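Below is one structure, written out as structure tokens; the observations come after it.
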Amino acid sequence: MSTELLDVELHCHTCYSPDSLVKLPDLIEHARAIGLKRLAITDHSEIEGALRAYEMAPDLIIVGEEAMTQEGELLCYFIHELIPPNLPLEEAIARVHAQGGICGPSHPLDTRRKGIGYANLIRFADQFDFVEAFNARIREPQQNADADALARELGLPRICCSDAHSLPELGISRTRVRPYDSAADFVAALRDAELVPQYASPLASLSSRAAAVARWLGLA
């Protein structure tokens with residue numbers, strides 16, 4: 001008898017990020033409505049929203065963060081303490097692992113959005129737990145293809161994410177994994193994950209800009 005796979009969104013933002021207006025109750029309700037079984041909230045250098053969401057829906061939420069390091073952005077999961085911004089990448093990774101979490105680079109080859117780049121992906125490969133091999137907001141598909149190919153070459157698990165900053169984006173790309181019972185087991189499950197990629201509309205980035213402008217104007 002086959003094991004039912006869990007649909008997981010591993011990269012999304014909420015109103016605790018400066019470029020999103022998504023409220024936690026709406027996010028949780030929509031995630032359940034579209035069949036997500038786990039949802040990692042990865043706000044920019046912030047975990048307060050993820051911690052609050054976990055209190056609201058512990059069966060659904062993975063506490064995460066998209067941490068900004070000196071080399072670029074890092075997705076962190078199963079954490080309970082903030083990874084401060086602008087640390088050296090190696091120190092940020094060590095802080096994640098010290099609290100029992102796992103981490104890997106987000107959109108690593110995206111030169112537009114602070115990916116860590118090819119050289120750093122290779123340099124720190126033995127410290128990463130996974131690679132975001134598909135990001136729905138990438139404008140140049142070759143950057144996803146190259147990240148996927150390099151992750152395979154390095155023997156790292158791959159994840160597929162929406163990078164949602166608005167509700168309509170949530171879950172358009174997702175990762176399907178077997179049930180797991182720990183962060184380490186989640187990494188093991190990722191090795192056999194099914195990736196479900198779909199690109200976001202080119203207009204998706206407008207939601208981020210609109211959110212940032214609304215905050216600047218004091219409207220949100």
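None of the figures in this text is laboratory data; all of them are computed from the coordinates on show. Just so it is clear, the model here is predicted, and its values are computed rather than measured. Neighbour counts are summed over all protein chains in view; Cβ atoms, including those assigned to glycine, are modelled from backbone coordinates with ideal geometry.
Here is how the numbers come out for the structure above:
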read-out	value
Relative contact order %, the stretch 19-90, counting alpha carbon pairs below 8 Å whose residues are six or more apart	26 percent
Beta bridges by DSSP in the chain, antiparallel share as percent, to the nearest 5	55 percent
Amide proton proximity set for Leu10, modelled H, under 5 Å, gap of 5+	Ala40, Ser162, Thr175
In Hz, Karplus ³J(HN,Hα) per residue of the stretch 178-185 (6.51, -1.76, 1.60; θ = phi - 60°; x = Gly, Pro)	5, x, 9, 10, 6, 4, 5, 5
Spin-label pair Arg123/Arg139, simplified geometry with 7 Å Cα→Cβ offset, distance in nm	2.6 nm
Proxy reagent accessibility, fewest Cβ within 10 Å first, across Thr69, Thr3, Thr175	Thr3, Thr69, Thr175
Cut-off under 5 Å, modelled amide H: who pairs with Ile61 long-range	Leu39
Formal net charge of residues neighbouring Leu156 (Cβ-Cβ distance under 15 Å; K, R +1; D, E -1)	-3
Charge context of Pro141, other residues only, Cβ under 14 angstrom, K/R +1, D/E -1	-1
Surrounding net charge for Ile102, when Lys and Arg each add one and Asp and Glu each subtract one, Cβ distance under 15 Å	-4
Taking Asp26, Asp43, Asp7 and counting other C-beta atoms within 10 Å, the order from fewest to most	Asp26, Asp7, Asp43
Helical contribution to [θ] at 222 nm, DSSP H n ≥ 4, -39,500 (n - 2.57), averaged over the chain, rounded to 500	-9500 deg cm²/dmol
Rg/Rg_globular for the stretch 69-139, with Rg_globular taken as 2.2 N^0.38 Å and Rg from C-alpha atoms	1.03
Karplus-derived 3J(HN,Hα), 6.51/-1.76/1.60, for each residue of the stretch 37-48, Hz, glycine and proline x	9, 9, 9, 8, 8, 10, 5, 5, 6, 7, 10, 4
Order of His165, His80, His30 under a 10 Å beta carbon neighbour criterion, fewest first	His80, His30, His165
Distance from the stretch 16-45 to the stretch 87-109 (C-alpha centre basis), Å	21 Å
Angstrom value of the Kirkwood radius, inverse mean 1/r, which spans all Cα pairs in the chain	17.0 Å
